[in-house]
Amino acid sequence: MSELDARYERGQETRRMFGGGAITSAGSAPRAWEVAPDLERILGEALFGTIWRREALSPVQREMITLSTLIVLAREPQLRRHLGNALNIGLTPEQIVELIIHDTWYGGAPAGLNALTLCKDVFEERGIEFIPPRVHNPNEDPDTLFERGNQFRMQYMGIQPAARPAPPTQAERDFGRITGEYYWGATWTRPGLDLPSRCICTMTCLATLGREGPLRSHIRGALNIGFTQDQVIEVFMHMTLYGGIPFARGAMDIANDVFVNG
């Protein structure tokens, strides 16, 4: 067996993992292989047989990266497929829903709502009766919500270098207050996903969308909570064939600059 054949066979093992022990279909877009069989082979070797098999991240973490990329890019056929894969790999329904809630801040509410609708469809197809927890407390004092978010942000990110002077307008101050309450206070502190998982999803979304400034901050946050440099790079390597090589390479360049210059 050639090395490329061995990689392809490892890719088939990955696809069996996706299917819960068996390859259940030709993928999310099987007719594509009718016009580009070489691409099926290349993806089988490079994506499923090589990247997915690397040990720096677990299959669950890799599925979180995959889902986050597909959510913010609104790739619904592939997202539907990977929502099912996620259940087979070991993500719980609660983790999947929390991941979508988290990623809504990056892809926007329409992307999040569409992903949740697909998620509901997949749960129903699987016979999963998911009862969502009610975590958000509408009776909570906004100052308490803001302070909880601020403390969490400091724990995660540590002391960040000043990126710019104080917000120059009242509208931007209001933006900071709203995001402090709801992005940090109401979302990042929710149960259902641990901090490393939220960090992975965030870096993935920002890299996929090419958002350099926030990505730098979250790379620093990842290092602050114990990610190695190799693990950070691995996040971007994994998203290469889901989000595109220019965005993955650009994110790696940003990460390497943070590693050197802080």
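The values are calculated or read from the model by the stated rules, or taken from the named source; none is laboratory data. Keep in mind that what you see is a predicted model, and the values were worked out from it rather than measured. Neighbour counts run over all protein chains shown; Cβ positions are idealised from the backbone, glycine included. SASA here: full protein model, heavy atoms, side chains in, ligands and nucleic acids out. Shrake-Rupley method; radii C 1.70, N 1.55, O 1.52, S 1.80 Å.
Brief remarks follow.
- Selection from region 219-262 of residues that are open to solvent by less than 20 Å² (accessible area, probe 1.4 Å), within 11 Å of residue 204 (Cα to Cα) and assigned to a helix (DSSP H, G or I): 219, 232, 234, 235, 236, 238, 243, 248, 251
- Scanning region 162-178 for any residue that is in contact with a Lys or Arg (Cβ under 9 Å, 6 or more places away or on another chain), open to solvent by less than 90 Å² (accessible area, probe 1.4 Å) and either in contact (Cβ under 8 Å) with a residue 12 or more places away in the chain or in a helix (DSSP H, G or I) (or both) turns up nothing.
- Odd one out for residue 183 among (1) open to solvent by 50 Å² or more (accessible area, probe 1.4 Å); (2) under 30 Å from residue 260 (Cβ atoms); (3) of a type in the set (Ser, Thr, Tyr): (1)
- In region 25-117, counting only helices (runs of 4 or more DSSP H) that sit wholly within it, the ones holding 1 or more residues that are within 25 Å of residue 129 (Cα to Cα) and open to solvent by 20 Å² or more (accessible area, probe 1.4 Å) span 59-72, 76-89, 93-107.
- Of all residues making up region 144-158, the number that are among the acidic types (Asp, Glu) and buried (at least 19 other Cβ atoms within 10 Å of the Cβ): 0
- With respect to the conditions (1) open to solvent by 50 Å² or more (accessible area, probe 1.4 Å); (2) of a type outside the set (Lys, Arg); (3) part of a helix (DSSP H, G or I), residue 201 lacks only one, and its number is (1).
- Qualifying residue in region 18-34 (condition: over 17 Å from residue 238 (Cα atoms), among the basic types (Lys, Arg) and in contact (Cβ under 8 Å) with a residue 40 or more places away in the chain): no
- Where a residue in region 61-75 is over 9 Å from residue 242 (Cβ atoms) and its partner, wherever it lies, is surrounded by 24 or more Cβ atoms within 10 Å (Cβ to Cβ) and at pLDDT below 95, with Cβ under 6 Å and at least six apart: none
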